[in-house]
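FYI, it's all coordinate maths here, none of it is from the lab. Predicted model only: the values in this text are computed from it and were never measured. All Cβ positions, glycine included, derive from the backbone under ideal geometry; neighbour counts span all protein chains shown.
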Amino acid sequence: MHPTFTTYIEDQIQPYPDSFKSQRPVFIVCTHFEKIDLQDFISKILQAIKIDMYKDAHIWNVTEQHWPQWRDVLSYSQPKFCFFFGEKSSKMGLHIQLNSYEWKKFKDIDFLLADSLDLLYSNKDAKLALWNQLQLKFKKS
C-alpha cells in the first residue's frame, strides 16, 4: 500500500490519488503542521525564497504512528530539495548523515535538516540559521 500525500488548499486537506506523479520540487517533513500559525510561518519562509507552498511543495506532517518511507516518496515525486524540520531522515529509511543547518547533496537532491517548526517559530537564532542556509541555495543572482 502506498502512502497518501496531502496538500493544503483553502485550509482543507486534500489527498492526492495514488496515480499522481508529482513534479513538485520541494518535499518537507515536519510535525505539528496542523497548527495554523505554523502553516503561516512555513508559507512565509517559502514565499521569501519564491516557493509556493500550494504549488511547489509536498508537506508531510508526520506522527509517531505514521512515517513515510523514502522509497515511497520517490515513487510519487522527484524532489530537488528536501527539508527536515526537527525530524531525522533515518526515520524514513533514508540513512544519510545530515548536520543541522548544513546542506547535503545526495542523489541529485539537496537536503537540509533544521530545528522543528515550533522551535523555529519562537527562536530568533534558529530562524537566522535557517535563513542563512536558504540564502545559499535560493539567493537571487
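Couple of notes before you dig in:
- Kirkwood-type radius of the range 6-138, with distances r between different C-alpha atoms, in Å: 15.0
- For the pair Asn132 and Glu34 in one chain, pulling the backbone fully straight at 0.36 nm per residue adds 32.7 nm over the alpha carbon distance.
- Extension gain for Asp52 to Gln23 (0.36 nm times residue separation, less C-alpha to C-alpha distance): 9.1 nm.
- Database remark: amide H of Phe106 closer than 5 angstrom to the amide H of Phe111 (H placed geometrically; neighbours at sequence offset of 5 or more, or on other chains; Pro and chain starts carry no H).
- Selection of trypsin sites (Lys or Arg not before Pro), the range 43-141, meeting DSSP coil and at most 11 other Cβ within 10 Å: Lys50, Lys107, Lys139, Lys140
- Cβ-defined net charge surrounding Leu117, 13 Å radius [Lys, Arg +1; Asp, Glu -1]: -3
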